[in-house]
1. Out of curiosity, is Phe378 touching a residue at least 60 places away in the same chain (Cβ under 8 Å), in a helix (DSSP H, G or I) and closer than 25 Å to Arg250 by Cα?
2. Please count how many residues of the range 261-297 are away from the ligand (no atom under 16 Å from the Cβ), assigned to a loop (DSSP other than H, G, I, E, B) and modelled with pLDDT of 85 or more.
3. Checking Leu514 against (1) within 16 Å of the ligand (Cβ to nearest atom); (2) at pLDDT 95 or above; (3) in a loop (DSSP other than H, G, I, E, B), which single condition isn't satisfied?
4. Which residue out of Thr133, Thr127 is of a type in the set (Ser, Thr, Tyr), away from the ligand (no atom under 14 Å from the Cβ) and out of contact with any Ser or Thr (no Cβ under 8 Å at 6 or more places or on another chain)?
5. Can you name the residue in the range 340-359 that is over 23 Å from the mean Cα position of the chain (by Cα) and in a loop (DSSP other than H, G, I, E, B) and is also farthest from Gly585 (Cα to Cα) among such residues?
6. Testing Phe365 on (1) surrounded by 23 or more Cβ atoms within 10 Å (Cβ to Cβ); (2) among the aromatic types (Phe, Trp, Tyr); (3) closer than 22 Å to Ile143 by Cα; (4) touching a Lys or Arg at 6+ places or on another chain (Cβ under 8 Å), one condition comes back false. Which one is that?
7. Could you tell me whether Gly70 is modelled with pLDDT under 90, out of contact with any helix residue (DSSP H, G or I) (no Cβ under 6 Å at 6 or more places or on another chain), within 29 Å of Asn392 (Cβ to Cβ) and surrounded by fewer than 19 Cβ atoms within 10 Å (Cβ to Cβ)?
8. Inspect all residues belonging to the range 491-510 and state whether any of them is over 21 Å from Ser383 (Cβ atoms), aliphatic (A, V, I, L, M) and part of a helix (DSSP H, G or I).
Amino acid sequence: MTAQETTENAAPSPAPDLSATPVGRTVRSVAHGRAVVPVTRDPDGVDPRVSAAPLLPGTARAVYDDVCAGTFDATTRFDYLFPGLRDDPAAHLPSGEADVPRVLAALNKLGEAMVEPAGPDPARDSTVPAVYTYWGQFIDHDITLNTNGRDTTGDPASGDLVLGDIVDEPFRVVPPDTVVASLHNGRHPALNLDSVYGSGPVLPGEPGHGTTRSEASYATSDPIKLALGRVATTPIPGFALVEPGADPQRDLPRFSAAQVAGLVGAPEELPKAGDPKIPDARNDENLVVGQFQVGMIRFHNAVVDWVRHHEPEHVGDRAVFDRARQLVRHHYQWLVVNDYLRTLTAPGVLDQVLLGDRLLFAPPFPIAMPLEFATAGFRFGHSMVRGAYDFNVNFTGGGAGGVATLVQLFQFTGGGGLGAPDGARGDVLPSNWPIEWPRFVRKGDLLTVRAARKIDPFLAASLADLRNEGNDPGLADGVRAMLKHLARRNLVRGYWLSLPTGEKVAEALGVAPLTTAQLTANAAPEVGEALAELGATPLWYYVLKEAEAQGNGNFLGEVGSRILAETFVYLLRQDEGSYLHAEGGAWSPAAGVRFDDGRMLTTLVDLQRFAGVLPLPDGSFRQVEGEPAGHDGD
Ligand code: HEM
C-alpha cells in the first residue's frame, strides 16, 4: 500500500493485497505520547540497520527498504465500529468552531469529577483480581498504538495528512474521514504478541543474521529463547528476598551500563542503562505490566523446552521456534477469550458474538482497529487501576516498605530509573521488587486490597497527576496539566477523534440508553452539569457508568461488553494464524502444552505456573530438568 493510497477514504480498487501485510512487524521503542516511527523516504536518512536507536526491531530494516521503494506502509489502519454513526452530526458532541471551547470546558469538568478521593475505600474494590488490570494493559499494547499522541507517520509529500495532536492550538476536532485516512496504528491489530516477539529471531545461517535489533530480545546461547534480566539473589539490608529467592531470572532484559557506554550515535537516539530490550517499551511503563511480560517471556521459553521434549518431529531451531510461538499464541488467545473476556464482560454477550455469523466491524481495509475500542471501550481498564498494591513480601501492609504505591510501580521501571533504595539509577530491578503473583491472581481472595478497583467512573488519584507524562517544558502549563490528567486526556482524545456518543452507540446496538438519572446516580453535581452542557455522554464515560450500573463495577455492561467482544472476535477471525482457525476451528488447550501430570492450561494461573513464575498448588515452582521453568539458557 503506498502512502498515496492511505489518503483515500474509500477502498482503492482493485483492493490491495493486505494479506501480504507481514504479521509481527513492529515499529520502534515507544511510550505513551511518543510518536510512532517517523520513517524517512530520504535514502540518505538514518538507516535503521546502523542506527543505534533503541530497539528498532529487525522489521525496521524491511520497513526502511519498503518505504524507500514506496511500496509498504508499516503501520495499519483505524476505522469506526459503527459506520452508520460516523457521518451523523447528531451522533457526536458539537464540534463547530463556536462549540469547541464550551465542549472542552465541559469535558474537563467531567474529567475532574472522575478522580476518586485519596485513601482506601474498600467499597470501591471489585471482585476481580488485580492482575486483570495489567493483563488488559498488556493486551492493549499488543494490538493498538497511536490514538494517544502526535501521529508523525503521515507523509504530506504524498497527500497524507499530518493530524497534529490534542495539544495543538487552536484545538480542532478531526473529521471522521480524515481520522480514517490519516491516523495510523503502530501495531498489527492481531493477538500475535508482537510486543513480545518483535519480528522474531534471525537465526545463524538465515539472511540478516546479526544485523537486526529484534535479536536483542533473544537469548545468546539458545537464540530461540527470549532473554531475561537477572535480579540479585542476595537480600537488600532491611528487605526480604522475594520467593523463589534463588531464581534470578525475574526482570526484563535491559541495557547494562557497560553496553550503553560502547554505543555511538545521537544522544536522543541512544538507549539509556536500564532501558528494556523488548519490542514495545510501554511494557516497561510500570512494574506490574513489566512483570507480566516477564511471565510471558518465561512461558515462551518453557514452551520451547516442552516442544523439544514432546514433539521431536520439529527438527532444528527454526522449526522448534515457529511451533513454540504458535502454541504460545494459541494459548494466549484462548485465554484472552475464555479467561480475560469471560471475567470482564456481561454474561452471554461474548457467546452471542462468538457463535454468531455476523460481526459489526467490516472495514474496507480488513487489517484495522476500531476507534471506539481503542479510544473509549478498552480504556475501561484505567478505572481498575489501584492507587496502592499488596505487591510482595516487602511491599505490603506491615512489610518493610509498606504497600506499593502506584507512583513507586512507575519508578521501578527503566523510564523511572529502577531506583535502588539508595536512590541510584540502576540497570536492573532491585531484589526486593519482583512480584509475588499469588497476591494478584486469586479469584475469591478475601483481601479486597488485592482486587482491581471497580469499573466505574472513578480513577485513582495518581492518574490525575501522571508522573512520566506532560513533562515537556515547551508546552503551556494548561496543556501539560491536561496531559498529566488521564481522565481529562481520554475525554479530550475521544472528542478529538470524533467518537460517537454513548447514547447513540447504545441505540445502534439496539440497547436502551442509560437515562440521565442513571448517568448521574451517585455522582457529584459537576457530572450532571457537564453532561447537560455536552447534551450527550462521551462514550468512555458511558461505558464506565454502565459497568457500575449493570455489573456493580465487576464487569462491563451491555455496550462495553459488545465493543470488546466484537473487536476481539473480529481480530481473531481476521488473523488466519489465530486459534479460531487452528485444528479446523476446534483448537482448545487440549491440543496445547500440558503439565507433567497431563493437566491442561485453562486459566492465566495455569499459564503462569507453567512459566515458573507462580507456585504450583504444592507451593513449589515448576522445574524443567532441574532448572526453574522458563529460564533463557544463558
Ligand atoms: C497504570 C496504568 C495505566 C496508565 C498510567 C495508562 C496511561 C495511558 C495513557 C497516558 C494513554 C494515552 C492517553 C491519550 O493521550 O489518549 C493510554 C492509552 C491507552 N490505554 Fe492506558 N494506562 C494504564 C492502564 C491501562 C489499562 C489497564 C488498559 C486496559 C485494560 C489501558 C488501555 C489503554 C488503551 C486501549 C489506550 C489507547 C492506546 C492506543 O491506541 O494508543 N490502559 N493509557
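The values are calculated or read from the model by the stated rules, or taken from the named source; none is laboratory data. Everything numeric in this text was worked out from a predicted model, so none of it was measured. Please note: Cβ atoms are built from the backbone with ideal geometry, for glycine as well, and neighbour counts cover all protein chains shown.
1. When the stated conditions are applied, Phe378 does not pass them.
2. Qualifying residue count for the region: 5.
3. (1)
4. Sole residue among the options that is of a type in the set (Ser, Thr, Tyr), away from the ligand (no atom under 14 Å from the Cβ) and out of contact with any Ser or Thr (no Cβ under 8 Å at 6 or more places or on another chain): Thr127.
5. Pro347
6. Just one mismatch for Phe365, condition (1).
7. no
8. Taking every residue of the range 491-510 in turn, at least one turns out to be over 21 Å from Ser383 (Cβ atoms), aliphatic (A, V, I, L, M) and part of a helix (DSSP H, G or I).
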